[in-house]
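Here is the structure we will look at, set down as structure tokens.
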Amino acid sequence: MGFLLKIVVFAIAVYGIWAMASRWYRLLGGGQAKPPAPAPDRREPAAAPPKPRPPVVEDTRLCEACGSYVSAGAAKCGRPDCPQPA
């Protein structure tokens, strides 16, 4: 009788450990499969990617008043000694 009781207690312990481990695994998101990506619609042609804009390049020159480079077409900055044309 004692040996059978040991087997039953061991089986209950193994089942408890297995149930707890599987519950933690599901709780942490281990058993979730990602949904498959939707299939592309084959009736419509794919849209072409937009073309990148060409970079805007401006001529700059050194400002004698402040020492920074400013656009050649920039307006006066408001300083009394600003060399930019009005």
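Computed from the coordinates by the stated procedures, all read-outs in this text should not be read as laboratory data. Everything numeric here is computed off the predicted structure, so don't read it as measured data. Every residue, glycine as well, gets a Cβ built from its backbone with ideal geometry; the counts of neighbours run over all protein chains shown.
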*Between Val8 and Leu28, 0.36 nm times their residue separation minus their Cα-Cα distance comes to what?*
4.2 nm
*Quick one: if you stick a label point 7 Å off each Cα along the C-beta vector at Met1 and Tyr69, how many nm between them?*
9.8 nm
